[in-house]
Amino acid sequence: MADSTVQSIEIAATPEEIFAVAAAVEAYPEWADGVKEVEVLATDDDGRASEASMVIDAMVRVISYTLDYTYDYPNTISWVARPSDDIRELEGSYEFSSLDDGGKIGRAHV
């Protein structure tokens, strides 16, 4: 059985604004806990990372892996890890939507 987690947070921004921050994977070391390095290996037609290599401090040890990204602007960013010595299987997504009351919410599925 695969492990999974779902987290949701409310952010005072539009889905488009949140999407732009999450799509800038090269900036993850500036704000994402544990992300030590990111190297964008390839980009899509819109200039967003389609392949990125990451070095992560996983508390027990430092691991590295390569993610393949797909985008559905401004709703979803999805990724799948390539199998490696450090990662056998990893996939996830961020989903962004507005709240019914006019507020904003970003949903992160990992």
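Values as computed for the structure displayed
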item: Conditions (1) more than 15 Å from Ala23 (Cβ to Cβ); (2) surrounded by 13 or more Cβ atoms within 10 Å (Cβ to Cβ); (3) at pLDDT 90 or above; number of the one not met by His109; result: (3)
item: Where a residue in the range 1-30 is free of Cβ contacts under 8 Å to residues at least 12 places away in the same chain and its partner, wherever it lies, is of a type in the set (D, E, K, R), with Cβ under 7 Å and at least six apart; result: Pro29/Lys36; Pro29/Glu37
item: Residue list for the range 51-67, filter: out of contact with any Lys or Arg (no Cβ under 7 Å at 6 or more places or on another chain) and over 13 Å from Ile87 (Cα atoms); result: Glu51, Ala52, Met59, Val60
item: Residue count for the range 10-50, restricted to those that are of a type in the set (A, V, I, L, M, F, W, C), farther than 18 Å from Trp79 by Cα and in contact with a strand residue (DSSP E or B) (Cβ under 6 Å, 6 or more places away or on another chain); result: 2
item: Thr70, sole failed condition from (1) polar (S, T, N, Q); (2) modelled with pLDDT of 95 or more; (3) surrounded by 14 or more Cβ atoms within 10 Å (Cβ to Cβ); result: (3)
item: Matching residues, the range 7-36, being among the aliphatic types (A, V, I, L, M) and either under 13 Å from Tyr71 (Cα atoms) or not in a strand (DSSP E or B) (or both); result: Ile11, Ala12, Ala13, Ile18, Ala20, Val21, Ala22, Ala23, Ala24, Val25, Ala27, Ala32
item: Filter pass, Arg48 being charged (D, E, K, R), in contact with a helix residue (DSSP H, G or I) (Cβ under 9 Å, 6 or more places away or on another chain) and at pLDDT 95 or above; result: yes
item: Arg48 vs. criteria charged (D, E, K, R) and either closer than 18 Å to Asp85 by Cα or in contact with a His (Cβ under 9 Å, 6 or more places away or on another chain) (or both); result: no
item: Those strands (runs of 3 or more DSSP E) lying entirely in the range 37-83 with at least 1 residues of a type outside the set (Phe, Trp, Tyr) and within 14 Å of Tyr94 (Cα to Cα); result: 62-72, 76-81
item: The range 38-69, residues that are touching a Phe, Trp or Tyr at 6+ places or on another chain (Cβ under 9 Å) and either without any contact (Cβ under 8 Å) to a residue 12 or more places away in the chain or of a type in the set (D, E, K, R) (or both); result: Asp44, Asp46, Arg48, Glu51, Asp68
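The values are calculated or read from the model by the stated rules, or taken from the named source; none is laboratory data. Note that the structure is predicted; figures quoted are calculated from it, not measured. Quick reminder, even Gly has a Cβ in these numbers, built from the backbone with ideal geometry, and neighbours come from all protein chains shown.
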